[in-house]
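Report on the following structure.
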Amino acid sequence: MSKLTSLFSEKQHNLLSVFFTAGFPKLNDTEQIIKNLESNGVDFIEVGLPYSDPLADGPTIQHSSSVALENGMNLDIIFSQLEALKDSVKTPLVLMGYLNQILKYGESKFCQKCKDCGIETVIIPDLPMIEYENHYQQLFTNYGISNVFLITPQTSEERIRKIDKITNAFIYVVASASITGAKGEISEKQMAYFERIQKMNLKSTLIVGFGISNKSTFNTACKYMNGAIIGSAFINFLQEKGVAEIPSFVTEIIE
Amino acid sequence: MSFFVDKNGYYGQFGGAFIPELLYPNIKELEDNYLKILESDSFKKEFKELLDNYVGRPTPLYLAKRLSKKYGAKVYLKREDLNHTGAHKINNTIGQILVAKQLGKKRIIAETGAGQHGVATATVCALMDLECIVFMGEVDIKRQAPNVARMKMLGATVVPAKSGSKTLKDATNEAIRDWIGNPEDTYYLIGSVVGPHPYPDMVARLQSIISKEIKEQLLVQTGNENPDMIIACVGGGSNAAGAFYHYLDTKNVQLIAVEAAGLGVHSGQSAATSQLGDVGVLHGSKTILMQDKYGQVIEPYSISAGLDYPGIGPLHAFLHERERAVFMNATDQEALDAAYELTKIEGIIPALESAHALAVLPKMKFTTGQVVVVNLSGRGDKDLETYITHLKDE
């Protein structure tokens, strides 16, 4: 059983995940960010691999990616940082990166490195389901890696059911038709969409992301789903307040 | 072996639709409908009428006598520069705007580098009374002020792309992000044979009018519809795709794709993707792209803003891999020299992009009587400032 699966078997409500871009604000902040998030009660952590052309991301994450790349972050460095944390960090880590990074690094080498670092879950936003099934599912399974799929308000019921069937991590419920980034409160239209998903009785754990920025949006999302992911709002916080203030960010949301 | 797209949207290992789930419904809608629309009688009729009477097709196929004499071959120029808006780009925008209308879309978005595709998109949006938003890198907006003014005059909103390197690739990213945010009413009108399937195939089909006409015109002018060689420049590769299309399976027609070498292929300031790149995913398609060892996309350079794209369309990646096309390149200086030469001996000022295609003529060893078609993809009005600046240096 993966760390994430055992987490979900113990906790099914108000799951909080936080996303950060590896190498931002500073190249070597990874350890301090992860440990701070873990010790303050974040349930699982998404580690973003900075990319030059992050298609699905809004200005905040784009900017953090550019800074991280300028800081010299790359896959070899993040893997060595994560490997050093393997024994001390118990919180499940999820890697989020774009397909080209994995292709160029070498798919098998990438999987092996994930395994070495104790990474069991990846999110690759530009890897479509059909390509996953044809070219990656077997490889990932061999290395004990689960792939997370996204669904959006435009995803058909038939496709959601299919995603539910092949998912063994969680389903990433994109809160609205948009790129990542804060958008204020959750609208009634979004709540109706969450309700529609909720009523489908899917087997997978459902985690909402894109536009979850504070206690209020987190709580609303958790009324319908198992938990939520905060990304851009955390990046903005790191930019303004710095790594040392992380405890206040997390407690603000879960207190 | 076929060089046309297969039923899964691939050219060999290249192509596909590597898109976030957020775009799946948009791409699926297009994939399910594009062939039905393109092959319908009503589309064909309207497309032809607009190409004939609005764009000014067929464009001439001109035997350039002085150029021919100089290089020892029969050099024909396919005059795409004489199209309305000054380049081949309008063939595609006319076609796609009809597709967008058929799909009931109200809002058109596009990316542009030099501004040629932006102008061609703004033009068809004005024609069809549709809202038009063009994403353009902040750097390119400064470099290409006249085209920005043209787009605005045509009623388009020009949105600066401020991410990454602030050029064409980032404008493309911004257009895709806009589409993610507006999945229902918006049509993304891509300007080249790039992007997720079905765009590369759709754009190639719409540009294939170029080789269709070359065939008909060569038959009349020489008695043989096949030339010995076709030369076209490649950035993303839409004019080359159009010029090659009906010859892809005719093996004895040699296809020459010319990339921009900037200051030299290995100078670090180049856009010769096939020479410098390798397999990867860019803008939703598996192709050849310029990237570092960690898969980060490298910003290319060329004097020609229409050729400085870090990838090539998947069809071209396939033609390169299978050696169906020969990939050559021309530096900034070689392109400038070719442009000045064509201007002086034929009285035609070519676009800088097209000048790259002309620039390989001196590198060829022709035998007498060989028939060579150069696709003159655009006119040089937009490049006058560059030409004037460099003429002083000559």
Query raised in the report: Of A:236, A:134, A:100, which is the most mobile in a GNM of chain A whose springs link Cα atoms less than 10 angstrom apart?
Result: A:134
Requested in this report: For chain B, set up a Gaussian network in which alpha carbons nearer than 10 Å are linked by springs, and say which option among B:93, B:287, B:59 fluctuates the most.
Outcome: B:59
Requested in this report: Please name whichever of A:140, A:160, A:25 sits farthest to the positive end of the charge dipole of chain A, dipole taken about the Cα centre and charges placed at Cβ: Lys and Arg +1, Asp and Glu -1.
Outcome: A:160
Query raised in the report: What percent of all Cα-Cα pairs in region A:13-254 falls in each 10 Å bin, counting up from 0?
Result: 7, 34, 39, 18, 1
Requested in this report: Using a Gaussian network model of chain B whose springs link C-alpha atoms within less than 10 Å, name the residue from B:175, B:149, B:87 with the highest mean-square fluctuation.
Outcome: B:149
Query - Using a Förster distance of 60 Å, the FRET efficiency for residue A:12-residue B:344 (Cβ separation, nearest 0.05) - result: 0.20
Query raised in the report: What number, in percent, do you get for the relative contact order of chain A if the mean sequence gap of Cα pairs under 8 Å and at least 6 apart is divided by its residue count?
Result: 23
Query - Counted charge near residue B:259, where neighbours are those whose Cβ lies closer than 14 Å (Asp, Glu -1; Lys, Arg +1) - result: -3
Query raised in the report: With the radius of gyration and the Kirkwood radius both derived from the Cα set of region A:143-208, what is their ratio Rg to Rh?
Result: 0.98
Query raised in the report: Fewest first, what order do B:52, B:178, B:140 take by the number of other Cβ atoms within 10 Å?
Result: B:52, B:178, B:140
Query raised in the report: Between B:97, B:121, B:391, whose Cα lies farthest towards the positive end of the dipole of chain B when Lys and Arg beta carbons carry +1 and Asp and Glu beta carbons carry -1, centred on the Cα centre?
Result: B:391
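Fully extended, how many nm does the chain gain between residue B:46 and residue B:149 (0.36 nm per residue separation, minus their Cα-Cα distance)?
34.2 nm
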**Report entry** Förster radius 25 Å - calculated FRET efficiency between residue A:216 and residue A:244, Cβ distance, rounded to 0.05
**Finding:** 0.50
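Stokes-Einstein diffusion coefficient for the protein assembly as shown at 20 °C in a medium of 1.002 mPa s, Rh from the Kirkwood formula over Cα pairs: what value in µm²/s?
83
Determine the calculated [θ] at 222 nm for chain B from helices alone, applying -39500 (n - 2.57) to every DSSP H run no shorter than 4 residues and normalising by the residue count; nearest 500 deg cm²/dmol.
That comes out to -12000 deg cm²/dmol.
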Requested in this report: In debye, nearest 20, what is the charge dipole magnitude of region A:13-254 about its Cα centre with +1 on Lys and Arg Cβ and -1 on Asp and Glu Cβ, if you could check?
Outcome: 540
Query raised in the report: Taking the Cβ-Cβ separation of residue A:189 and residue B:293 as r and a Förster radius of 35 Å, what is the calculated FRET efficiency to the nearest 0.05?
Result: 0.20
Query raised in the report: What average count of beta carbons from other chains do you get within 10 Å of the Cβ of residues in A:47-55?
Result: 6
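If I take every Cα pair under 8 Å that is 6 or more residues apart in chain B, average their sequence separation and divide by the length, what percent do I get for the relative contact order?
The value is 20 percent.
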Report task. Using only Cα positions of chain B, each an equal point scatterer, no hydration layer, compute I(q)/I(0) via Debye at q = 0.10 Å⁻¹ and quote the log10 values to two decimals. Result -> -0.58
Report summary line: Percent relative contact order for region B:314-394, counting Cα pairs under 8 Å at least six residues apart, stands at 27
Query raised in the report: What ranking of B:128, B:1, A:96 emerges when the number of other C-beta atoms within 10 Å of each C-beta is taken as an exposure proxy, fewest first?
Result: B:1, B:128, A:96
**Report entry** Summed side-chain charge close to residue B:66 - residues other than residue B:66 whose Cβ falls under 13 Å, Lys, Arg +1, Asp, Glu -1
**Finding:** +3
**Report entry** Net dipole in debye of region A:49-167 [+1 Lys, Arg Cβ; -1 Asp, Glu Cβ; about Cα centre; nearest 20]
**Finding:** 260
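Sort B:233, B:132, A:222 so that the residue with the fewest other Cβ atoms within 10 Å of its own Cβ comes first and the one with the most comes last. Could the numbers behind the result be given before it?
Values: B:233 36, B:132 24, A:222 18.
Ranked by crowding around the Cβ, least crowded first: A:222, B:132, B:233.
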**Report entry** the protein assembly as shown - charge dipole about Cα centre, Lys and Arg +1 at Cβ, Asp and Glu -1, debye rounded to 20
**Finding:** 1060
Query raised in the report: If each of residue B:66 and residue A:141 carries a label point 7 Å out from its Cα toward its Cβ, how far apart are those two points in nm?
Result: 6.9
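Read the figures in this text as sums done on the coordinates, not as results from a lab. Just so you know, these numbers come straight off a predicted model, no measurement behind them. Cβ: placed from backbone, ideal geometry, glycine included. Neighbour counts: every protein chain shown.
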